[in-house]
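No value in this document is a laboratory result; all are computed from the given coordinates. This is a predicted model, so every value here is computed, not measured. Note that we place each Cβ from the backbone using ideal geometry, even for glycine, and neighbour counts take in every protein chain shown.
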Number of protein chains: 2
Amino acid sequence: MIHVYRYEENPLITPADVTPHREDFEVIGAFNAGIAKYGDEIIMLLRVAERPISPKPGIVLAPVYDAANDRLDLIELREDDERYDFSDPRVIRNRSESATFQYLTSLSYLRIARSRDGRHFTVDDKPFIYPSQPLESFGIEDPRITQIGDTYYIYFSAVSPVGVGESLVSTTDFRTVTHHGMIFSPDNKDVLIFPEKIGGKYYALHRPTTKSVGNPEIWIAESDNLLQWGNHRHLLGLRPGMWDSGRIGGGAVPIRTERGWLELYHGATKEHRYCMGAVLLDLEDPSKVIARSNKPILEPEAPYEKEGFFGDVVFSCGALVEGDIVKMYYGVADTSMAAAELSLREILDSLEKV
Amino acid sequence: MIHVYRYEENPLITPADVTPHREDFEVIGAFNAGIAKYGDEIIMLLRVAERPISPKPGIVLAPVYDAANDRLDLIELREDDERYDFSDPRVIRNRSESATFQYLTSLSYLRIARSRDGRHFTVDDKPFIYPSQPLESFGIEDPRITQIGDTYYIYFSAVSPVGVGESLVSTTDFRTVTHHGMIFSPDNKDVLIFPEKIGGKYYALHRPTTKSVGNPEIWIAESDNLLQWGNHRHLLGLRPGMWDSGRIGGGAVPIRTERGWLELYHGATKEHRYCMGAVLLDLEDPSKVIARSNKPILEPEAPYEKEGFFGDVVFSCGALVEGDIVKMYYGVADTSMAAAELSLREILDSLEKV
């Protein structure tokens, strides 16, 4: 039995807490935040999603960042244009190629919220990492943060018309960043870089999405320098009939425990119900799976988890560990941020050997 | 005007020239070969595709390599099983998930053909590189060979139920190989590693296939050690209405010329007519595109190019250059190998600035 203590302050941050970065935009999401400790602050690196306010009924504006001219274009579409399918709130599809999307309905970027107690956060006035590269023209999403020494490696999905890949930046002060380019080519997301070398190599989990054959599952890769990755291997698959039968992906930065590397990962059914579970990887060789959650450790149950822009979603991109307490921060319903405390021992004891 | 001199000996190798690696198999393809010079030999590293001979009418056997037990399993399927779609000669689809394939109809592996004159080849008695890794259970396809010093780097599509990625091996003698694992995670193919460092870094072209958004187009990546790759950038896109409007991918190892790196690449229409064309990349910075073929340099015209297992395909994985002569070897109709000579100057002069 896993006890979940959801903070009374939940949701910790909602779109109403974030001022839009432009007057003609509205904030529709502040969610899926990467988490770090920086000095005496807890940093919540929010994915903020903003939508251009429609100038008149029947018109939808699709935001596209133009890197060549360093400006944001707003593509005007008519809702009654039969070439487009607006039924998914997240994307605009071209009916002639409905497998892929043509535009996103919102632009995501990264913005810092700061806290001393981990429960009350203040959102920075301005974006921290805004689209600035050609591969980011549809936005940047779902950051994770791995601290190695004094450097914080921040990586996120970079979305553009040529695909969804994972890009890396680094910072030492959460003020300025250095760009390191795309480290996992499309389609890929849900990258999690381990916080230390193992046997002389860095490791990362990643989640390719394949077209020809295969499912959205978790892979592992190796690196000497964090910038270039190789020796890609398939690590963890879907489980038909279970909570992680539709898609899975890494969540929080792997946590070193005596029993192994604990990865808190998300799993969804084909009906898009997103839960959090855990997998334990070998300490010396993280490509070996030791044990795994047969049931979720966290399911969408609270109202703010069940209802929102895209409901029935709990999706963690970061956690803090203090002794036996895992403070798991997580996006809810693709809308807001929440947090819950769980017992590390209870999570570990709940895992079933594989 | 580009002159194409097809060898009188074409096709140089056909399936009839290759003995199957097992008595219960038949060779259906010997094509898309990587090319290298080794001593005084020209090595043609064939992709050999073999199909298990059906034991009785109405039965199809799907070959699957089982790495854990190092054996080849033959999955028996009934042609009248309504769960499966056998209409594509290359793959067997599950009708309930028809976007992806469930099995391949043949197993591909790599086998050496040797020649002194580049026109008459003798096929080795045995496979050279046969599936041996978990990520190769559906076979290995379309090798390319980059020689750096005395080492030949051989890389190919590794196909398995978890996706199609690109794996690397190396050899110095075309007898034994060292495995380096998967260097580009799924879905990816048509990798071409440049034959020397440029500005202190190795470069490779690669071709992700994306599901969410984007097209099968050519990307470029960097490496310090050939094993780990990063700084992925989009390089070359499709051109609606032209010969390369449906999909493109690198072909031969990039050729250093005075005017830039010349890449012979394949392009296909959405109707799957595969041609060869060329693109010129900056000598100092191969992420810069200088010029490109508005018309193919080679189109399927000869009977052996138009008819076969999958017709209307010319697909080069390797070329040799001697002075002004480009000896382009190429797979035809997913069946056999052919070669043609073209003038390097004529190719370069034909390119249109972009």
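Would you call B:Leu46 of a type outside the set (Ser, Thr, Tyr) and more than 20 Å from the chain's Cα centre (by Cα)? Show your work before the answer.
Values: of a type outside the set (Ser, Thr, Tyr): yes; more than 20 Å from the chain's Cα centre (by Cα): no.
Criteria not met by B:Leu46.
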Which members of the range A:93-124 meet the condition of being surrounded by fewer than 20 Cβ atoms within 10 Å (Cβ to Cβ), among the hydrophobic types (A, V, I, L, M, F, W, C) and closer than 30 Å to A:Ile35 by Cα?
-> A:Val123
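So, A:Ser132, is that one touching a residue at least 12 places away in the same chain (Cβ under 8 Å) and within 14 Å of chain B (Cβ to nearest Cβ) or not? Lay out the reasoning, then the answer.
Working: touching a residue at least 12 places away in the same chain (Cβ under 8 Å): yes; within 14 Å of chain B (Cβ to nearest Cβ): no.
Answer is no for this residue.
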Of all residues making up the range A:187-218, the number that are away from chain B (no Cβ under 11 Å) and either more than 25 Å from A:Gly331 (Cβ to Cβ) or assigned to a loop (DSSP other than H, G, I, E, B) (or both) | 7
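Can you tell me how many residues within the range B:170-188 are touching a His at 6+ places or on another chain (Cβ under 9 Å) and either crowded, with 24+ Cβ neighbours inside 10 Å or under 13 Å from A:Asn231 (Cβ atoms) (or both)? Break it down into steps so the answer makes sense when it comes.
Residues of the range B:170-188 that are touching a His at 6+ places or on another chain (Cβ under 9 Å), as a first pass: B:170, B:181-186, B:188.
Still in the running and either crowded, with 24+ Cβ neighbours inside 10 Å or under 13 Å from A:Asn231 (Cβ atoms) (or both): B:181-186, B:188.
Qualifying residue count for the region: 7.
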Please enumerate the residues belonging to the range B:85-130 that are assigned to a loop (DSSP other than H, G, I, E, B) and farther than 21 Å from B:Glu50 by Cα.
-> B:Ser98, B:Ala99, B:Thr100, B:Arg116, B:Asp117, B:Gly118, B:Arg119, B:His120
Counting only residues that are free of Cβ contacts under 8 Å to residues at least 60 places away in the same chain, closer than 21 Å to B:His3 by Cβ and in contact with a strand residue (DSSP E or B) (Cβ under 8 Å, 6 or more places away or on another chain), the range B:307-329 contains a total of 3
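What tally of residues in the range A:221-250 results from selecting those that are hydroxyl-bearing (Ser, Thr, Tyr) and either touching a His at 6+ places or on another chain (Cβ under 8 Å) or under 18 Å from A:Ala291 (Cα atoms) (or both)? First the steps, then the outcome.
Keep residues of the range A:221-250 that are hydroxyl-bearing (Ser, Thr, Tyr), which gives A:223, A:245.
Restricting the remaining residues to those that are either touching a His at 6+ places or on another chain (Cβ under 8 Å) or under 18 Å from A:Ala291 (Cα atoms) (or both) gives A:245.
Final tally of qualifying residues: 1.
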Residue among B:Gly260, B:Gly308, B:Gly331, B:Gly230 that alone is within 14 Å of chain A (Cβ to nearest Cβ), surrounded by 21 or more Cβ atoms within 10 Å (Cβ to Cβ) and of a type outside the set (A, V, I, L, M, F, W, C) | B:Gly230
Could you please find all residues in the range B:311-328 being of a type outside the set (D, E, K, R) and surrounded by fewer than 22 Cβ atoms within 10 Å (Cβ to Cβ)?
-> B:Gly311, B:Leu320, B:Val321, B:Gly323, B:Ile325
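Grab the strands (runs of 3 or more DSSP E) fully contained in the range B:252-354, keeping just those with 2 or more residues being small (Gly, Ala, Ser).
Working: elements: B:255-257, B:260-268, B:274-281, B:289-292, B:314-322, B:325-332, B:336-343.
Passing ranges, in order: B:260-268, B:274-281, B:314-322, B:336-343.
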Tell me which of these B:Trp243 doesn't satisfy, since it passes every other one: (1) farther than 22 Å from B:Val314 by Cα; (2) within 21 Å of the chain's Cα centre (by Cα); (3) of a type outside the set (S, T, N, Q).
-> (1)
